[in-house]
Amino acid sequence: MNIDIQDIKVKIKILKGAGKTLAQASITLFDCWTEHGWRIMTSEHLDPILQEYIWIQSPCFKAGFSWKEMVFIEPKEQYEKVYEKIYDAYRIAKYKEPQEDEAEKIFTDSKTNEPPF
């Protein structure tokens, strides 16, 4: 079965102060199957697909001293499409969030009733 990437929806929650974890993602397939627990994290290694020091991990659980992934997507090309869709949604969500200095500027400008530009 080959799933059209348009049948997949991604919801991102940006995390602040969560260490290496930058965001959490939920993936919905065909508007009826949702997977929670995808994580977008910083990495020490350059991702060969995204060309950024980032790592996207599928939902997993700890088994002894190692982690076991709970979601597997085959074929590899389909997995890469999902991976890129999660990354694209993360980038959009990240830039929708006001940065701390921007939030302070908007707050300050609204107090003086002056436009922030």
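The values are calculated or read from the model by the stated rules, or taken from the named source; none is laboratory data. Because the structure is predicted, anything quoted here is derived from the model rather than measured. Cβ: placed from backbone, ideal geometry, glycine included. Neighbour counts: every protein chain shown. For the accessible areas, the whole protein counts, side chains as well, though only heavy atoms, and no ligand, DNA or RNA atoms are used. Shrake-Rupley method; radii C 1.70, N 1.55, O 1.52, S 1.80 Å.
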**Asked** Taking the Cα centre of the stretch 7-96 as the origin and placing charges on Cβ (Lys, Arg +1; Asp, Glu -1), which of LEU50, VAL10, ILE73 is farthest toward the positive end of the dipole?
**Response** VAL10
**Item:** Using θ = phi - 60° and Karplus 6.51 cos²θ - 1.76 cosθ + 1.60, couplings along the stretch 35-41 (whole Hz; Gly, Pro as x)
**Value:** 10, 9, x, 5, 10, 10, 10
**Asked** Label points 7 Å out from Cα along the Cβ direction at GLN57 and LYS76: separation in nm?
**Response** 2.2 nm
**Message:** Can you compute the charge dipole magnitude of the stretch 1-67 about its Cα centre, using +1 on each Lys and Arg Cβ and -1 on each Asp and Glu Cβ, nothing else charged? Give it in debye, rounded to the nearest 20.
**Reply:** 400 debye
**Request:** Could you tell me which of the pairs LYS13/LYS68; LYS11/LYS94; LYS62/LYS94; LYS11/LYS62; LYS13/LYS85 are separated by over 21 angstrom between their Cα atoms in the structure shown?
**Result:** LYS13/LYS68; LYS62/LYS94; LYS11/LYS62
**Request:** Multiply the residue separation of THR42 and ILE14 by 0.36 nm, subtract the distance between their alpha-carbon atoms, and state the gained length in nm to one decimal.
**Result:** 8.8 nm
**Item:** Cα gyration tensor, the stretch 7-96 - rounded (a/c under 1.5), prolate or oblate
**Value:** rounded
**Message:** Output wanted: per-residue J couplings in Hz (rounded whole) for the stretch 62-73, from phi through Karplus 6.51 cos²θ - 1.76 cosθ + 1.60, θ = phi - 60°, x for Gly and Pro.
**Reply:** 8, 10, x, 9, 10, 10, 10, 6, 9, 10, 10, 10
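Keeping every protein chain present and rolling a 1.4 Å probe, give me the accessible area per residue for the stretch 7-96 in Å². Display every interim value, and only then the final one.
On the way: 6090 Å² over 90 residues.
With all protein chains present, the stretch 7-96 gives 68 Å² per residue.
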